[in-house]
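Comments concern the structure below.
The values are calculated or read from the model by the stated rules, or taken from the named source; none is laboratory data. Model, not experiment: these values are computed from the prediction. No Cβ is skipped: glycine too gets one built from the backbone with ideal geometry, and neighbour counts run over all protein chains shown. Each accessible area value is taken on the protein alone, full model and side chains, heavy atoms only, with ligands, DNA and RNA left out. Shrake-Rupley method; radii C 1.70, N 1.55, O 1.52, S 1.80 Å.
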Amino acid sequence: MDATKAAGLSARLCLQAYGMGVGRQLLAHGRLARGLRYLGVPVNYWRAVEFQLALEEGCFEGGQRVLDVGSPKLLALYLAERVRCQVVATDLHGYFCDEYALLARLRALERRLQLAVADGRRLPFPDACFDRVCTISVLEHIPGGGDGDCMAEIGRVLRPGGRCIVTVPFWPTGRIDRREPDFYWAAGTGDDGKVFFQRRYSEAELQQRLIDPSGLRLGCLRFVGERVLPRSRREFCEFLPLITGPIQPILSRLLLTPACDDWRRLRKPLCALLVLESPA
Ligand SMILES: C[S@@+](CC[C@H](N)C(=O)[O-])C[C@H]1O[C@@H](n2cnc3c(N)ncnc32)[C@H](O)[C@@H]1O
């Protein structure tokens, strides 16, 4: 295994061990369901690769002010604790506030981890006040033109010289997935019982819906694909039972491709990573 691959795998295993530590701590403080959840699936199939890429591309350093918009909160905790960033972790819904307030208190991170309920389309922060913004697997879930509104807000709060890390699902021709409103941020129910769940962006949509409204400069655009089920519209992780949780970071290492600059070189490109910069 070459040095880059070894470093990537070790970053994944490190995050996995970190997530399991969170699980043990939640269990020890009576949070049975959530503790078991973190122990069983500390970092899932896709988050393993997305978190790794975010950490590689984010150039995070201690003392930086980091805004998280809606991402799974393990990354925010990790950045506050291990990288010593000043993190503001937000989401449209407050599902994480109680649990992460407890974790921040137990880990003496109250000064470095602030939690807030905020709509990414109307961020309650002044202009140019963050060095880094990350939004992992969030924008695709904002209906209508909300993804572009959120990117405009991110562009507004990022300081000159700052950097933003975005991951979203990709599909060569773009597509919208609808499903039953069985997820906690579902709004309403459609006529057929299904609602908008997520957008999978084509390359043109990445430009028009995300990059253009942000007013930021594209620093890098990379794609990750799946090596299996090349002709299916479904993803391998949809077939993974919960019991595979502990090995999902390894499975994603084996079954997902390394990030590559051109999605046409991948048989089944499924995820896009954008690094956007605010000119200094
Ligand atoms: C795929 S989930 C990611 C977090 C999820 N809890 C996890 O662990 O994987 C997408 C997140 O985007 C959030 N979200 C949706 N619309 C949003 C908005 N307008 N502003 C901020 N967050 C939003 C949802 O509340 C949800 O937590």
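Worth a mention:
- Annotation: Ala187 fulfils all but one of (1) touching a residue at least 60 places away in the same chain (Cβ under 8 Å); (2) open to solvent by 40 Å² or more (accessible area, probe 1.4 Å); (3) within 14 Å of the ligand (Cβ to nearest atom); the unmet one is (1).
- Comparison of Arg12, Arg47 shows that the only residue that is open to solvent by 50 Å² or more (accessible area, probe 1.4 Å) and among the charged types (D, E, K, R) is Arg47.
- Residue under evaluation Glu238, criteria (1) within 13 Å of the ligand (Cβ to nearest atom); (2) open to solvent by 80 Å² or more (accessible area, probe 1.4 Å); (3) part of a helix (DSSP H, G or I), criterion not met: (1)
- Filtering the stretch 101-131 to residues that are part of a loop (DSSP other than H, G, I, E, B), in contact with an Asp or Glu (Cβ under 7 Å, 6 or more places away or on another chain) and more than 16 Å from the ligand (Cβ to nearest atom) leaves Arg107, Leu109.
- Within this structure, Ala116 fails the test of being of a type outside the set (Phe, Trp, Tyr), closer than 25 Å to Arg31 by Cβ and open to solvent by 40 Å² or more (accessible area, probe 1.4 Å).
One line per residue, one yes/no per condition, for (1) in contact with a helix residue (DSSP H, G or I) (Cβ under 6 Å, 6 or more places away or on another chain); (2) of a type in the set (A, V, I, L, M):
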residue	(1), (2)
Arg12	yes, no
Val43	yes, yes
Gly63	no, no
Val66	yes, yes
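- Leading residue by the ranking (nearest to the ligand (Cβ to nearest atom)) among those in the stretch 52-80 that are open to solvent by 40 Å² or more (accessible area, probe 1.4 Å) and among the acidic types (Asp, Glu): Glu56
- The stretch 81-100: number of residues that are away from the ligand (no atom under 16 Å from the Cβ) and either open to solvent by 20 Å² or more (accessible area, probe 1.4 Å) or within 16 Å of the chain's Cα centre (by Cα) (or both): 5
- Residue ID - modelled with the highest pLDDT, chosen from residues in the stretch 246-270 that are open to solvent by less than 10 Å² (accessible area, probe 1.4 Å) and closer than 21 Å to Cys14 by Cβ: Leu256
- Top-ranked residue of the stretch 153-180 - restricted to ones that are more than 21 Å from the chain's Cα centre (by Cα) and in a loop (DSSP other than H, G, I, E, B), ranked as nearest to the ligand (Cβ to nearest atom): Glu180
- For Pro172: the one exception among (1) under 19 Å from Gly145 (Cα atoms); (2) touching a residue at least 40 places away in the same chain (Cβ under 8 Å): (1)
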